[in-house]
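Below you'll find the structure, written out as structure tokens, and then a few comments.
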Amino acid sequence: MRTQVGIIGAGPSGLLLSHLLHLAGIDSVVIENRSRRYVEERVRAGLLEQGSVDTLAEAGVADRLRREGLAHHGIELRYDGTGHRIPLTELTGRTVTIYGQQEVVKDLIAARLAAGTVRGNPPVIFDAADVAVHDVTSGSPRVTFTRDGVAQSLDCDFIGGCDGFHGICRPAIPDLAVFERVYPFAWLGILSRSRPVSEELIYARHRDGFALATMRSNSISRLYLQCAPDEDPALWPDARIWDELHRRLGCGSELEEGEIFQKGVTPMRSFVCETMRHGRLFLAGDAAHIVPPTGAKGMNLAIADIRVLARGLERFYRRQDTGLLDRYAEICLRRIWKGQRFSWWMTSMLHRFDGADPFEHRVQVAELDYVCTSTAAMTTLAENYVGLPFEV
Ligand code: APR
Ligand code: PHB
């Protein structure tokens, strides 16, 4: 098989890259090691910056997002039992939209499959095993994999390494420049068939740990609780989860207890691989960086990387101009580090750190107090939360 750009991974990064390239007349094949069903049902975060929504809309894949996404104009920070609204739209003129990541993935897969076979190649190959990349520093890199027990090879001009944090692309690069922080806690996340506790998201700091009330629709709540990094969800029967949510969110009957139909633990990590390019292999999204979910930046940073990479490849194919590809890492990293800083700051301000002394505790509360009472500080939070402007 031969294509122009071989893409590893059918998450938001790989699928959006493939779709943007298709719109620019560039052929690609996405190779995914899981099934279509698995990637469409994998529950992740679900908050899109306005720039991410605009990117998907410009690419023609936002019809359902426009219909079903919930536009939000503010968030609430809760601490010491009191809620404080941060009026995002009033402060920045922008909104954020709640729309599950797996819905973005479904929409992108539908768009890729609708484009059909190009020069004999399917747009996406699911269930590929033993995926490996070769000769990435040559002019003609290759991807090999097996499908239904048959060994296959895909020759390409470039490879998009969009295979997430545990993928094979990053480890294929020598001498990586990596920066990392692992947090001493995780989030236990649930989906519940119940009305959201409030129209807007609530981020709550509590002495027993952080809690977040978000949603997927007007009848599905998404709720998170800070827990131990190695927490066993089996130790969290539904009654314990509801008890803890009531206490940490400081909610009464407005927190409806619905049927919990999904439960999972998300580890918390900050990670940046600054080596985002090796020859003709480009890393994007979670393959290159991970943020703790507190700032809701994961999917948004992935989309921002892909905008730069797709434009860079377009310029290469249109006018043999490698300028943007050569600056790919530099441009992406400016945004990635600001996203890292914001996610780290939100995480530090809102979580319980075991062993923190009373001084640290008071500084944390003072920080929240400042953010909730100073227009300057609130604006800083708001402009990062709704998303900084794109460079490309
Ligand atoms: N071969 C092929 N595909 C692979 C391989 C492999 N060896 N390893 C992993 N993959 C696939 C995964 O199954 C997944 O579908 O690559 C895809 C990577 O997708 P994501 O992990 O969703 O990463 P990305 O597309 O960069 O999206 C970033 O995901 O984790 C969230 O918070 C993050 O929202 C952000 C988004
Ligand atoms: C979510 O809806 O899953 C979500 C929202 C905001 C966050 C994290 C997760 O900060």
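The values are calculated or read from the model by the stated rules, or taken from the named source; none is laboratory data. Since the structure is predicted, the reported quantities are computational estimates derived from the model, not experimental observations. Cβ sites come from the backbone with ideal geometry, for glycine too, and all protein chains shown count toward neighbours.
Structure notes:
- Checked across the stretch 107-121, the condition of being within 16 Å of ligand 2 (Cβ to nearest atom) and in contact (Cβ under 8 Å) with a residue 12 or more places away in the chain holds for no residue.
- Residue match in the stretch 342-364 (condition: under 30 Å from F158 (Cβ atoms) and β-branched (V, I, T)): no
- Among helices (runs of 4 or more DSSP H) entirely within the stretch 25-139, having at least 1 residues that are within 13 Å of ligand 1 (Cβ to nearest atom) and at pLDDT 95 or above singles out 36-41, 50-58, 101-115.
- Which listed residue, of H134, H84, is surrounded by fewer than 18 Cβ atoms within 10 Å (Cβ to Cβ), of a type outside the set (A, V, I, L, M) and without any contact (Cβ under 8 Å) to a residue 60 or more places away in the chain: H134
- Residue match in the stretch 144-156 (condition: out of contact with any Asp or Glu (no Cβ under 6 Å at 6 or more places or on another chain), more than 16 Å from ligand 2 (Cβ to nearest atom), part of a loop (DSSP other than H, G, I, E, B) and not hydrophobic (A, V, I, L, M, F, W, C)): yes
- Restricted to the stretch 315-360, and to residues there that are crowded, with 21+ Cβ neighbours inside 10 Å and of a type in the set (F, W, Y), the residue that is farthest from M276 (Cα to Cα) is F342.
Let's see how each residue does on (1) within 16 Å of Y99 (Cα to Cα); (2) part of a strand (DSSP E or B); (3) within 16 Å of ligand 1 (Cβ to nearest atom):
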{"site": "P196", "(1), (2), (3)": "yes, no, no"}
{"site": "Y203", "(1), (2), (3)": "no, yes, no"}
{"site": "H206", "(1), (2), (3)": "no, no, no"}
{"site": "G209", "(1), (2), (3)": "no, no, no"}
{"site": "T214", "(1), (2), (3)": "yes, yes, yes"}
{"site": "N218", "(1), (2), (3)": "yes, no, no"}
{"site": "R222", "(1), (2), (3)": "yes, yes, yes"}
{"site": "L225", "(1), (2), (3)": "no, yes, no"}
{"site": "P229", "(1), (2), (3)": "no, no, no"}
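- Test: residue in the stretch 292-315 that is out of contact with any Phe, Trp or Tyr (no Cβ under 8 Å at 6 or more places or on another chain), at pLDDT 95 or above, part of a loop (DSSP other than H, G, I, E, B) and more than 16 Å from ligand 1 (Cβ to nearest atom): no
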